[in-house]
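Q: Structure incoming, see below.
The values are calculated or read from the model by the stated rules, or taken from the named source; none is laboratory data. Given the structure is predicted, the values throughout are model-derived calculations rather than measurements. As a convention, Cβ positions derive from the backbone with ideal geometry for all residues, glycine included, and neighbour counts pool all protein chains shown. When the accessible area is computed, the model is the full protein with side chains, heavy atoms only, and any ligands, DNA or RNA have been set aside. Shrake-Rupley method; radii C 1.70, N 1.55, O 1.52, S 1.80 Å.
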Amino acid sequence: MRFSGAIAAALLAAGVVGAAEIPQAERRSGYDFMKPDTKAMQDEDTANPGMLWVLDGEALWKRKAGGADKACADCHDDARTSMKGVAARYPAFDKTTGRPLDLEQRINSCRTNQQQATPLPFESRELLALTAFIARQSQGAPIETGADPQLAPFIAKGRELYMQRQGQLNLACANCHDDNWDKKLAGAAITQAHPTGYPLYRLEWQSLGSLQRRLRACISGIRAQAYDHGAPELVELELYLMSRARRMVMEAPGVRP
Amino acid sequence: MQQPTNSSRRKFLGLAGGAAALGALPVVIIRPAEATPAMLAAAIQNVTGGAAVRTGKVKLEIPPLVENGNTVPMTVTVAHPMAPEDHVRSIHVFNEKNPQPNIANFHLGPHNGRAQVSTRIRLADSQKIVAIAKLSDGSFWSASVDVVVTLAACTEEVI
Amino acid sequence: MASALINVPAKAKRGDIIEIKTLMSHIMETGYRHTASGEIVPRNIITSFTCRFNGNEIFRTDLFPAISANPFITFFTTATESGKFEFEWIGDRGFSETASASISVE
């Protein structure tokens, strides 16, 4: 996705700098902005291509891997119980590193530490599948990310990034997603950027993708250098967005245009 | 997805009062069908063997506004009995501008009970979509729509 | 890894017309795209989808590159007797996947 310089000019001209955050009662998922056909694609399991990754994830969950020759299921049993609500509180604080980890990183930490296997690359089919399978166990659950007080400084950093103008277009995420969420851009609804559906199937990608992939696309969109997958800045942004969406309902695997 | 090469660059939708935006975000609008170019005609000829194709019986549904040309829901329904002695044999869907004129062929029979199929198709550019049904009596029926895929915003500025 | 999702009602009354929905994971590479260096990305699509009921073909589709990634196909059939639907997807590079679903008809 690319945006033209004229947006920046218009936003500056309109003087929309650091406007108010969205009140609780007005928060809306990206789902609400979609056309009925796209909603229908998300609503029904057999129509939702994201479910194909969920199925793959379920198979991987049971597959033994690594030097430990253990499957996720060997330690976590039935994901329907053990992973229920887990995705709804990620990114979460990790004691070992003293930093927040997103769900993908958490899965990879089990890959390396528990299974003694190599970490799965970001956006690989396997990592997306496992993430989708785990996130699916939180479908319908309210987002709880950010409750842990140890996360506070990281949420603050993520918020700073979100509010900060950047890139050639000199735009902040907030300029679009807080100040102009009810407008359209290139025919697409801007939306409030609530990460309720990730990992999700984007028609544009013709594939499932992670929240980091979506954020990187928005960052390139404002012509800023996108952080690498797994960069602390991206995790902090994810963390801020998830905590900003607290009590909204998890939809993964979502579908978006 | 690929950028449509020759699509008309339409006026963009404003953001915050007159802003421009860009990105490969096609908007699809349906308007009544126009003439049939040669490739499409040849592909149809392949199916009909030159038999007359009548307009009617076939309903071709594509949402008036789709959010992304990569995945456009499409439903074809043929209003015709599905009895052993009189039924729909097949439904053929074509497009005009993709390198290849065929989209799909659906082979049916009386056991289907209802001649209705759905799938999702790619529409990277404005073009005509034609659906033709072949009946057990050898007759052909069709419906067509012109689908306009626009880049909804300016794409002048590309890095 | 290739997964399929099938939606067939578990039960139906004899004579009911039921809808069957199928979703198959596949990239459906058109063969018309180019890489940054100008080479054509070779075609890799599903070319055929078939549904059989108790061994008899009841529905078949020929697919072309204009079908979206992760092909979604729905159709109808009349419930006549209890039995098994078998689904088969065949495509380029030896792609071949099957799935099945049972129905009980009263």
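Q: Does segment B:113-159 hold any residues that are modelled with pLDDT of 95 or more and not assigned by TED's automatic domain parsing to the domain that holds B:Ala83, and which are they?
A: Within segment B:113-159, none qualify.
Q: Go through segment B:69-112 and count every residue that is modelled with pLDDT of 95 or more, at the interface with chain C (Cβ under 8 Å from one of its Cβ atoms) and surrounded by 24 or more Cβ atoms within 10 Å (Cβ to Cβ).
A: Total satisfying the criteria: 3.
Q: Looking at C:Ile18, C:Ile27, C:Ile90, which is the one that is of a type in the set (Val, Ile, Thr) and part of a loop (DSSP other than H, G, I, E, B)?
A: C:Ile27
Q: Here is a further query. Output the number of residues of segment C:1-23 satisfying the condition of being at pLDDT below 95 and surrounded by fewer than 16 Cβ atoms within 10 Å (Cβ to Cβ).
A: 2
Q: Here's a follow-up. Please count how many residues of segment A:72-89 are part of a loop (DSSP other than H, G, I, E, B) and without any contact (Cβ under 8 Å) to a residue 24 or more places away in the chain.
A: Qualifying residue count, segment A:72-89: 2.
Q: Sticking with this structure for a sec: Select from segment A:107-121 the residues that are part of a loop (DSSP other than H, G, I, E, B) and under 21 Å from A:Phe93 (Cβ atoms) and list them in ascending order.
A: A:Pro119
Q: Restricted to segment C:9-26, and to residues that are farther than 16 Å from A:Ala47 by Cα and of a type in the set (A, V, I, L, M), which residue is nearest to the other protein chains (Cβ to nearest Cβ)?
A: Going through the qualifying residues, I end up with C:Ile17.
Q: Give A:Leu120, A:Leu127, A:Leu52, A:Leu101 a once-over and let me know the one that is touching a Ser or Thr at 6+ places or on another chain (Cβ under 6 Å) and at pLDDT 95 or above.
A: Answer to the check: A:Leu52.
Results for (1) in contact (Cβ under 8 Å) with a residue 40 or more places away in the chain; (2) closer than 25 Å to C:Ile45 by Cβ; (3) touching a His at 6+ places or on another chain (Cβ under 9 Å); (4) assigned by TED's automatic domain parsing to the domain that holds A:Pro153, shown as yes or no for each residue.
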{"residue": "A:Tyr201", "(1), (2), (3), (4)": "yes, yes, no, yes"}
{"residue": "A:Trp205", "(1), (2), (3), (4)": "no, yes, no, yes"}
{"residue": "A:Ala231", "(1), (2), (3), (4)": "no, no, no, yes"}
{"residue": "A:Glu238", "(1), (2), (3), (4)": "yes, no, no, yes"}
{"residue": "A:Ala245", "(1), (2), (3), (4)": "yes, no, yes, yes"}
{"residue": "A:Met250", "(1), (2), (3), (4)": "yes, no, no, yes"}
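Q: Which of the strands (runs of 3 or more DSSP E) contained wholly in segment B:70-128 include at least 2 residues that are of a type in the set (A, V, I, L, M, F, W, C) and touching a helix residue (DSSP H, G or I) at 6+ places or on another chain (Cβ under 9 Å)?
A: In segment B:70-128, B:88-95 are the strands (runs of 3 or more DSSP E) which contain 2 or more residues that are of a type in the set (A, V, I, L, M, F, W, C) and touching a helix residue (DSSP H, G or I) at 6+ places or on another chain (Cβ under 9 Å).
Q: Which residues, taken from segment A:220-249, are surrounded by 21 or more Cβ atoms within 10 Å (Cβ to Cβ), of a type outside the set (Asp, Glu) and either in a strand (DSSP E or B) or touching a Phe, Trp or Tyr at 6+ places or on another chain (Cβ under 9 Å) (or both)?
A: The answer is A:Gly221, A:Ile222, A:Leu234, A:Val235, A:Leu237, A:Leu239, A:Tyr240, A:Leu241, A:Met242, A:Arg244.
Q: Condition (residue is out of contact with any Asp or Glu (no Cβ under 9 Å at 6 or more places or on another chain), of a type in the set (D, E, K, R) and either open to solvent by 40 Å² or more (accessible area, probe 1.4 Å) or more than 8 Å from every other protein chain (Cβ to nearest Cβ) (or both)) applied to segment C:45-56: is it met by at least one residue?
A: No, every residue in segment C:45-56 fails to be out of contact with any Asp or Glu (no Cβ under 9 Å at 6 or more places or on another chain), of a type in the set (D, E, K, R) and either open to solvent by 40 Å² or more (accessible area, probe 1.4 Å) or more than 8 Å from every other protein chain (Cβ to nearest Cβ) (or both).
Q: Kindly list, by first and then second residue, each pair from a residue in segment A:125-143 that is within 11 Å of A:Gly50 (Cβ to Cβ) to a residue that is among the small types (Gly, Ala, Ser) and assigned to a helix (DSSP H, G or I), limited to pairs with Cβ atoms under 6 Å and residues at least 6 apart or on different chains.
A: Taking only residues 6 or more apart or on different chains, the pairs are A:Ala129/A:Gly57; A:Ala132/A:Gly57; A:Phe133/A:Gly57; A:Ala135/A:Ala87.
Q: Further question on the same structure: Does A:Gly158 qualify as being closer than 24 Å to A:Lys35 by Cα, touching an Asp or Glu at 6+ places or on another chain (Cβ under 6 Å), open to solvent by less than 30 Å² (accessible area, probe 1.4 Å) and away from every other protein chain (no Cβ under 12 Å)?
A: Against the criterion (closer than 24 Å to A:Lys35 by Cα, touching an Asp or Glu at 6+ places or on another chain (Cβ under 6 Å), open to solvent by less than 30 Å² (accessible area, probe 1.4 Å) and away from every other protein chain (no Cβ under 12 Å)), A:Gly158 does not qualify.
Q: Evaluate segment A:197-206: report whether one residue or more is within 14 Å of the chain's Cα centre (by Cα) and among the hydrophobic types (A, V, I, L, M, F, W, C).
A: Taking every residue of segment A:197-206 in turn, at least one turns out to be within 14 Å of the chain's Cα centre (by Cα) and among the hydrophobic types (A, V, I, L, M, F, W, C).
Q: Something else: Quick one: would you say C:Pro65 is facing chain B (nearest Cβ under 9 Å) and either under 24 Å from B:Val72 (Cβ atoms) or open to solvent by 40 Å² or more (accessible area, probe 1.4 Å) (or both)?
A: Spelling it out, C:Pro65 is indeed facing chain B (nearest Cβ under 9 Å) and either under 24 Å from B:Val72 (Cβ atoms) or open to solvent by 40 Å² or more (accessible area, probe 1.4 Å) (or both).
Q: List the pairs whose first member sits in segment B:29-47 and is within 18 Å of B:Leu60 (Cα to Cα), whose second member is modelled with pLDDT of 85 or more and assigned to a helix (DSSP H, G or I), and whose Cβ atoms are under 8 Å apart, counting only residues at least 6 apart or on separate chains?
A: Listed pairs, sorted by first residue: B:Thr36/B:Ile44.
Q: Test of understanding: among A:Ala79, A:Ala147, A:Ala117, A:Ala88, which residue is open to solvent by 50 Å² or more (accessible area, probe 1.4 Å) and aliphatic (A, V, I, L, M)?
A: A:Ala147
Q: Could you list, in sequence order, all residues of segment C:75-97 that are within 11 Å of C:Ile6 (Cβ to Cβ) and either surrounded by 19 or more Cβ atoms within 10 Å (Cβ to Cβ) or of a type in the set (Val, Ile, Thr) (or both)?
A: C:Phe85, C:Phe87
Q: What number of residues within segment B:129-138 satisfy the criterion of being in a loop (DSSP other than H, G, I, E, B) and touching an Asp or Glu at 6+ places or on another chain (Cβ under 8 Å)?
A: Total meeting the criteria: 2.
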